[in-house]
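The values are calculated or read from the model by the stated rules, or taken from the named source; none is laboratory data. Because the structure is a prediction, the values reported are computed rather than measured. Reconstructed Cβ throughout: ideal geometry from the backbone, glycine too, with neighbour counts over all protein chains shown. Calculation scope for accessible area: heavy atoms of the full protein, side chains included, ligands and nucleic acids excluded. Shrake-Rupley method; radii C 1.70, N 1.55, O 1.52, S 1.80 Å.
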Amino acid sequence: MKSLDNIEYELELSDKQIGKPGPLWRNRDYMLLWSGRLVSSFGSRISMFAVPLIVLALTHSPAQAALLEILETLPLLALSLPAGALVDRWNRKWIMIVCDFGRAVALGSVALAFGLGHLSLWWLGAVALLDGTFSIFFTLAQSSCLPHVVREDQLSDAIARNQSISASSQLFGSVLAGLCYQVGRAFPFLMDAISYVISMCSLCFVKTPLQGESPKQQQKVDMKGEILEGIRWLWQQPLLRYITFLTWGLLIPCVGYTLIILVLAQQQHASAFAIGLIMASGGLGNIAGTLIAGPLLKRFRLGQIFVVTMWIWVLTWLPLAFAPNLVWLGIANVAGFIVVPVYFVAQMSSFMKYVPDHLRGRVNSVFSLIIDGSVPLGVGATGVLLQFLGPVSTILIMFVPQFLLVIGSMFYRPLRAA
């Protein structure tokens, strides 16, 4: 097994081969990748906003809204490991193009079905499964190709800018989602389909090869062996292994936050546009976090970043339970999101730095499988707790495992000393 020092040395050599001079905004291929993902992220935010509102309007059941969100994660759980192995073999650019096309067709079918009066929960469930299937391949391919279009010393900044996509789509996309939903319930899905077409077109103009020469490209495919190689590599890295399970534990209690905010806002008789503004408020915190993430990672040790962000993550969860009105609910949402991009930039930077390119798809797939495994458990628990106990009790109950995890992590020396 290669040591982290050897891996870092190999990445430095590949960094010299990349040789992309100048700032990121002058890197043509990076900007094509970034801008295409920005547009599709806006579209996804719009449709993500519409789905639970439609389900709640049809069924009045938070549990069924949670079930539909869980359906989208099932392909991620089933396909993450083989997708990672295939991403290391197949052309990553074409993987992303095909996935964008597939998602455009799937989301466009929802708008068409709604327009014809045939939309049902079964149709939404089928589209959720398709969207989840294409998303796992696209996400693994996209995350694996980033070191091929930027220099290693720019990786943290590039990752932070990619996080800013989520932040800006959360801020502006949520407001746009509320407006689109009021225009027509089919309109958010049409907008999402168009956004995937734009992303697909931007990928067609990327010229840089998005993967290195795989040492196994000419060999017979041993899917099981290649998957196990990625699992073993991650398992044999104590720090990366712990970060993976730490992220899983932090996410489980809060992946259903959208449902919690929806229920809290509806209890205060908020309109769809007002709910969109509250969701958008989290984008303000997210943008602030992306702006400070890069400078913080350059100034402080990784261990210091993880310790501080863990505590802020947990302690900013509680104010949601005590927000007396919609304004304070939005303020609490802003505070909670500031730390999220800082934590994930630190997490992704550590993986980008140490995972070799020919394993990156597989190792990222193992990470994705574990992290995505938090969604069914977390969203399902959130939906059930909301159904029977209400949002305030749900928030307080979900706080306990987060708090215990952070306390336990303080005793794990490799994390603090990273």
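Observations, loosely collected:
- In sequence order, the range 254-267 has phi-based couplings of 10, 5, x, 4, 4, 5, 4, 5, 4, 5, 4, 5, 5, 5 Hz under the Karplus curve 6.51 cos²θ - 1.76 cosθ + 1.60, θ = phi - 60°, and Gly or Pro positions carry x.
- Calculated accessible area for the range 215-300 comes out at 48 Å² per residue, all protein chains present (probe 1.4 Å; ligands, DNA, RNA ignored).
- Using every pair of separate Cα atoms, the Kirkwood estimate puts the hydrodynamic radius of the chain at 21.9 angstrom.
- Surface per residue (accessible, 1.4 Å probe) for the range 69-137, Å²: 43 Å²
- Whole-Hz Karplus values for the range 189-200 come out as 6, 5, 4, 5, 4, 5, 5, 5, 5, 5, 4, 4 Hz, taken residue by residue from phi with 6.51 cos²θ - 1.76 cosθ + 1.60 and θ = phi - 60°; glycine and proline positions read x.
- Global size of the range 321-418: 17.2, 52 Å for Rg and Dmax (C-alpha atoms, Rg to one decimal, Dmax whole).
- Candidates 199, 361, 23 compared by Cα position along the dipole of the chain: farthest toward the positive end lies 23, with charges placed on Cβ.
- In order along the range 304-315, the Karplus-derived 3J(HN,Hα) couplings, from 6.51 cos²θ - 1.76 cosθ + 1.60 at θ = phi - 60°, round to 5, 4, 5, 4, 5, 5, 4, 5, 5, 3, 6, 6 Hz, and Gly and Pro are given as x.
- Over the chain: helical MRE at 222 nm, DSSP H runs n ≥ 4 each giving -39500 (n - 2.57), nearest 500: -26500 deg cm²/dmol
- Mean Cβ neighbour count within 10 Å, used as a protection proxy, ranking 409-418, 395-404 highest first: 395-404, 409-418
- Candidates 159, 305, 407: whichever shows maximal mean-square fluctuation once the chain is modelled as a Gaussian network with Cα springs under 10 Å: 407
- Surface composition of the chain: carbon plus sulfur atoms contribute 69% of the solvent-accessible area (1.4 Å probe, protein chains only, all chains present).
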